[in-house]
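The values are calculated or read from the model by the stated rules, or taken from the named source; none is laboratory data. Given the structure is predicted, the values throughout are model-derived calculations rather than measurements. Reconstructed Cβ throughout: ideal geometry from the backbone, glycine too, with neighbour counts over all protein chains shown.
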Amino acid sequence: GFLISVLIHRLMTVISDAPPVKLMSVPAYELMFGKLPLRNLFEDYFDNAGTISSRIMLKPLEDPHVDLVANVSAAGDKASGTEVKGDALFRWQKYLYDPHTFVDVQVSTSEPMLKLRSCAYFPEYRLGAFGTIPLLMGNRLSSEDYAVLGVRYGSENLSIGASFVPLPESAEVPYGAWLVGRKGSLCAGAQYKPLSGNKHPMPYTDPKNWNYAISYGVASTSPLSPSFNFSLELARNTQLIASFYQHLVVQRRIKNPFEDDQVVGITNYIDLGLELATGIDKSKPAESGNNSLFQLGASWQANKNFLLKGKLGPSKSSVALAFKSWWRPSFTFSVTEKLNAQNVKNGKVVLNYRRRT
């Protein structure tokens, strides 16, 4: 169904180590308008400079309904500190090919907590329910630190949903809401997302609690099909964001020396993305910093083993190279190089290494 199905399916030939995306617990507004592929393009494999991170994913063959993902990161040099951070996520999925009904438990050392999350989807009614409950947390400063519950409805052309907190304060009902509709290649939507600590007596009338977006494009549910998307978003009545994303597929009938004899071609995936944000808040002077921001990204997957990515911003740029093996157990190794304006002046190059098993 529209908006509650997995929008970007990663086939086994696409280099990706992410666990199944849990779209049921995420507002559809934050997944549409090219937001999900742009997020993957600008964030995947671009780790923090001066760190070494490792991810381990375990999925037992005896029971494919469960999996465990653990992340550990540490400073690569003394200048970046000596702290070691880690988190782990244990997940149970009811149906093997449907990621919408699941239960997971997450623990973290950076923020000492134990968080329970659950989602359920009823396809006959096109209804879904989700909830997040922090079981252990040091400081519960706001209502959402106790629990957030939500419901949603999705069809081929419409998605609507809302989330609530069981112990709301005034001006916290609902905690968030969205409405997204699609007609052909055109998609439009609105999201109600109050700012943290907002004490407005009538938050629904505060334009800074609302986001609006419209997009035009051709969607795809498979990386083997090309797609593109152009969108405009008005965020909190203070920022106008324009973005473009395009996914290209190039298939060549040539002999691949790394494949079996029956494989007679190579598929290349090329992704291009551009995001431009400009401030429109009249209360802030035009000369203030960060009034306009942009980032440009591109990725090229030459085959099922190698991926090259790069992104360019106003103050820093990054390049990442990833290699993935498909043996058992499989592993991914990536290297990230980051350059910013200060490092270029000083002749410095920062390297970041990541290994995934």
Might you let me know whether region 121-135 holds any residue that is in contact with a Lys or Arg (Cβ under 9 Å, 6 or more places away or on another chain) and under 30 Å from ARG328 (Cα atoms)?
no
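Residue-by-condition table, conditions (1) surrounded by fewer than 15 Cβ atoms within 10 Å (Cβ to Cβ); (2) closer than 24 Å to VAL151 by Cβ; (3) modelled with pLDDT of 85 or more:
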{"site": "VAL6", "(1), (2), (3)": "no, yes, no"}
{"site": "VAL14", "(1), (2), (3)": "no, no, no"}
{"site": "LEU41", "(1), (2), (3)": "no, no, yes"}
{"site": "ILE52", "(1), (2), (3)": "no, no, no"}
{"site": "ALA79", "(1), (2), (3)": "yes, no, no"}
{"site": "PHE90", "(1), (2), (3)": "no, no, yes"}
Given GLU156, GLU62, GLU111, which one is closer than 30 Å to ARG182 by Cβ and modelled with pLDDT under 90?
GLU156
Lone qualifier among GLY189, GLY131 - being under 21 Å from the mean Cα position of the chain (by Cα), buried (at least 19 other Cβ atoms within 10 Å of the Cβ) and either without any contact (Cβ under 8 Å) to a residue 40 or more places away in the chain or part of a strand (DSSP E or B) (or both):
GLY189
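Quick grid of which residues meet (1) assigned to a strand (DSSP E or B); (2) modelled with pLDDT under 75:
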| residue | (1), (2) |
| --- | --- |
| PRO285 | no, yes |
| SER288 | no, yes |
| THR336 | yes, no |
| ASN352 | yes, yes |
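Based on this model, can you work out whether PRO329 counts as loosely packed, with under 12 Cβ neighbours inside 10 Å and modelled with pLDDT under 70?
Numbers: loosely packed, with under 12 Cβ neighbours inside 10 Å: yes; modelled with pLDDT under 70: no.
Answer is no for this residue.
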Among the candidates LEU276, LEU293, residue that is part of a strand (DSSP E or B) and at pLDDT 90 or above:
LEU276
